[in-house]
Structure formats: structure tokens, C-alpha cells
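What follows is a single structure, written as C-alpha cells, with notes after it.
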Amino acid sequence: MSVTFHDLSAADSLPAELFKRTESDLSFFSERVTPIIAAVKEQGDAALIRFGREFDGVQPEHFALRAEESEFDDAFARMDPQVIESIRFSVENVRAFHEAQKPEEMWLKEMQPGAFAGDRHVPIDAVACYVPRGKGSFPSVLIMTTIPAVVAGVPRAIVITPPGPDGKVDDATLVAARLVGIKEIYKCGGAQGVAAVAYGTESVPKCLKIVGPGSPWVVAAKRQLTHLLDPGVPAGPSESLILADDSVDGALAALDLLIESEHGPDSSAYLVTSSRRVAEEAIAALPDYWAQQGEKRAGFSQKVLGGDHGGVVLTKDFATAVAFVNQYAPEHLEILAAEPMAVMTQIRNAGEILLGPYTPITLGNFVLGPNAVLPTNGAAKTAGPLSVFDYMKRISVGYVTAAGYQPLADKAKRFAEYEGFPGHALAVSALRNRLLQGDDDA
């Protein structure tokens, strides 16, 4: 299998097609999720059970939509203790990061003598965390989506995830949920899962927001239901850029190019470099790495790196390589350079930046601590990683004392009169002062 090689060493501009992702055009999926959403709205649990058989291959005729307590117990009994310990390690680091990130409940600043203003942070009442399963098992996604919800103090944080053929949730996902403190897991994924938390069913509670990465089916359903459900950070199929200068071993850059490209055939992954040597070494190294991946994941990686949404990009100079990164705005950016910190200062658009040869994307995805649910499809130009703030809302707070009132009232009254709002002006006029002083003749 060959690697797509974009030789732009003599080009003065960057081809627009390199910046497209598989989720750029969702028309195919949008048309097909509409009847799925309608069925869940009308039929509730019955539709979820039917779609579980049809889309997820569930074999039992009947299966519980909510994971039962015994399923959590059985998962712990079956899991390798070393895997459980790795999950526990991840939970501790991710929790520590998000606890440090959590804002104080309220702050107030004295804007003028006797006049205070600030923010109060309040958790959202009910949030659904989406954990995909179609291309594998992702307890790491459960950790990343649920821990900030718990830290934020969300009263009801639930998980939705596709069931397996046995009608059950993946063991590692159940283990991670219990270690985090999540008790509600519902077996519904895809567009039908999104619809379930948007409308609510007999079993699945209606939520105000949904977070977590998903397939184009999930992304399309989120977009159709934004009038009912806050879709959160736009997190679609995985994508990464490896930015490398001439100091790098091309084989090392190729190693990290595997990470996101093995997620699935709808992923995007590029090595971007101005060094022909690095590019050629990376291309030469990939076949041997694929041979060590196993057929399924190697197939995904080969399709991505040999297709229209991945490969190796050779630019005319390093400044152009940096410009490529900023225009692409990747979900994951790894900088392999002699001075990665200096290069980082030139990056404006990326979901996360991982610096140097000892910080591969793998660490960020699982155990480092920062959230690995990141904006995709160029959304990193305006959005950031999933965080505690995504599970909270800010409420502005104002408090003015009697001593601080009059200077603000005088200026506000002039604004109101200029903009033509007599009611506004009357509310801060001399009439208010008389009422406050108990003048019954006001």
C-alpha cells in the first residue's frame, strides 16, 4: 500500500483539497438520520431496541437499555487487573487536571466605589456523554467526557454508548465508569442515541447537552437537533498533524503518524515537513509499522495515509509548514523539532499541542491529564478542548450599594434617553430615589 505524497516544495500556495475532512460534507448522513430521529421521537425505547438489533447487531430479542449493577460487577471480575490499574491511573491524572481547571464558584470585582460585578459558575442540570464503540472499545473517551462533568458538579451526568452483539456495554467502559463515579449508562449509540437524549424516552432521560466524539452519523444528528440539545465541542472523526523540522528522524515521525490514522477510515492524518529527507524516511518506515499493527488497524491506517485525507506533505520551507498547520487547525498537533517550544509560539490553531519526541499523541489520549476530546474539522480556529467549563454556565452577577448607585444611575439615564427608552430612564430617575426614601407622594 502506497502513502499519498504531496510534494509542494515548489508550490507557492496550499491546495484547498488538503484541508477537507470526511465530515466536511454531511449531506449523505443528514438525509439518512432524519427518519431515525423521527422514529425515536415517536416510538421511544421500542425504536432504540429495534435499531440496536439493526445497526449494532444485538442478538438477544430483548435487552435492558440501562446497564444493570450486575454488569458493572461482572466487568470488574473479567478485566485484567493491570488494565484496571491503568484505567485508575488515567482517572487520577485526568481528575487532577480538571480539578485544577475548575473555576471558583463566584467572583466579584468592584467596578466603581460601591458597585460590584462578576460571574457565578453553575453546573448544567443534565449532560449526556457519548462513548463510541463501532471501531473499538474506548474507556478513555468515557474518562475524558465524564470526569469534567463530575468535577463541575453536574447533577445528572449519563453515558450513552452502542451495545455489543450480546446486548451489553464493553467491560472496560463499565470499569472506567465506576471508577469515575458514573452510574447511568444507556445502550444506544449513533443517531438514535443522540435523538434519545434530545427527546427522552421511557428509559433514557432527556438531557440539555451532549458531549463526546462520534461518527458522521452522530455529527449529523447533533446538527439536526441543536434546537433541543447543545451539541458541545464539535468532535467528529479523529485527525492529527505531525509537524517536523529537519532535526527529526523520519521513522519516528512516521511512528506517530500511525496513532490517529488507525482510528478508522474516516480519520485524517498528515506528516507536514519542509525536509525531503524526513518525508522519504517516514514513507519508507510505514510498511514495516503496518506489518506490526494487525490487519484491521493497519487497514484503517493504510486507507487514511494512502487516501485523500492523509499522507505526507512536503512544503517549500518550514514557515509554509507552520502556515499549513494554522490553516488546517488540527484536532491533535504534535511538534517534533529541535526547539518545539519556540515553534509552538507560532501556532494559533490546534485542539492540543504536544511537544517533543517524548510526548506522543498516545500519552495525551490516555494518561497525561488534559482532555483528549478536541475540536475537529477546523473548529479549533474558534473552539478549544472539552473542559470543566463545558459542563457549567456563567451567570453574571451585579450588586450596587446605596453609596455607589447615583454615579452609575446618572450615566445610565443618559444612555437610556439617547437610545429612546423612557422606561429605562424612569427606572433610574429621581422617582426611584424618592421611592427608596419612602416618599409616598412619588
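The values are calculated or read from the model by the stated rules, or taken from the named source; none is laboratory data. These figures come from a predicted structure and were not determined experimentally. Methodologically, a virtual Cβ is constructed for each residue, glycine included, from the backbone with ideal geometry; neighbour enumeration extends over all protein chains shown. These accessible areas exclude ligands, DNA and RNA; they are computed on the full protein's heavy atoms, side chains included. Shrake-Rupley method; radii C 1.70, N 1.55, O 1.52, S 1.80 Å.
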Residue check, PHE89 against (1) closer than 23 Å to GLY264 by Cβ; (2) at pLDDT 95 or above; (3) open to solvent by 20 Å² or more (accessible area, probe 1.4 Å); (4) aromatic (Phe, Trp, Tyr), all met but one. Which one?
(1)
Return the total of residues in the range 255-309 being under 30 Å from ARG133 (Cβ atoms), open to solvent by 50 Å² or more (accessible area, probe 1.4 Å), touching a residue at least 24 places away in the same chain (Cβ under 8 Å) and more than 26 Å from the chain's Cα centre (by Cα).
1
ALA46, sole failed condition from (1) touching a residue at least 12 places away in the same chain (Cβ under 8 Å); (2) exposed (fewer than 15 other Cβ atoms within 10 Å of the Cβ):
(1)
When every residue in the range 238-254 that is open to solvent by 10 Å² or more (accessible area, probe 1.4 Å) and not aliphatic (A, V, I, L, M) is compared, the one nearest to VAL219 (Cα to Cα) is SER238
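Here is a yes/no grid of residues against (1) within 24 Å of GLY384 (Cα to Cα); (2) crowded, with 21+ Cβ neighbours inside 10 Å; (3) not aliphatic (A, V, I, L, M):
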site: ASP171; (1), (2), (3): no, yes, yes
site: VAL175; (1), (2), (3): no, yes, no
site: CYS188; (1), (2), (3): no, yes, yes
site: ALA195; (1), (2), (3): no, yes, no
site: LYS206; (1), (2), (3): no, no, yes
site: VAL218; (1), (2), (3): yes, yes, no
site: ALA221; (1), (2), (3): yes, yes, no
Residue by residue through the range 378-403, note down the ones that are in contact (Cβ under 8 Å) with a residue 12 or more places away in the chain, in a loop (DSSP other than H, G, I, E, B) and farther than 22 Å from ALA128 by Cα.
GLY378, THR401
Residue match in the range 126-136 (condition: in contact with a Gly (Cβ under 7 Å, 6 or more places away or on another chain), over 17 Å from LEU386 (Cβ atoms) and either of a type in the set (S, T, N, Q) or at pLDDT 95 or above (or both))
no
Tell me, yes or no, whether the range 11-29 has at least one residue that is of a type outside the set (Phe, Trp, Tyr), open to solvent by less than 40 Å² (accessible area, probe 1.4 Å) and closer than 23 Å to TYR199 by Cα.
yes
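Output the strands (runs of 3 or more DSSP E) that fall wholly within the range 134-218 and possess 2 or more residues being closer than 25 Å to PRO60 by Cα, or say none. Break it down into steps so the answer makes sense when it comes.
Values: elements: 156-161, 185-187, 209-211.
Once the strands (runs of 3 or more DSSP E) in the range 134-218 are filtered for at least 2 residues that are closer than 25 Å to PRO60 by Cα, what remains is 156-161, 185-187.
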Extreme residue, farthest from THR146 (Cα to Cα), among residues of the range 60-92 that are in contact (Cβ under 8 Å) with a residue 40 or more places away in the chain, in contact with a helix residue (DSSP H, G or I) (Cβ under 8 Å, 6 or more places away or on another chain) and outside any helix (DSSP H, G or I):
PHE63
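Give the residue, chosen from GLY153, GLY164, GLY114, that is on the phi > 0 side of the Ramachandran plot, over 20 Å from the mean Cα position of the chain (by Cα) and touching a residue at least 24 places away in the same chain (Cβ under 8 Å).
Values: GLY153 fails: over 20 Å from the mean Cα position of the chain (by Cα); GLY164 fails: on the phi > 0 side of the Ramachandran plot.
Exactly one of GLY153, GLY164, GLY114 is on the phi > 0 side of the Ramachandran plot, over 20 Å from the mean Cα position of the chain (by Cα) and touching a residue at least 24 places away in the same chain (Cβ under 8 Å), namely GLY114.
So is LEU142 farther than 15 Å from ASP390 by Cβ, surrounded by 24 or more Cβ atoms within 10 Å (Cβ to Cβ) and of a type outside the set (Asp, Glu) or not? First the steps, then the outcome.
Working: farther than 15 Å from ASP390 by Cβ: yes; surrounded by 24 or more Cβ atoms within 10 Å (Cβ to Cβ): yes; of a type outside the set (Asp, Glu): yes.
Here the answer is yes, as LEU142 does meet what is asked.
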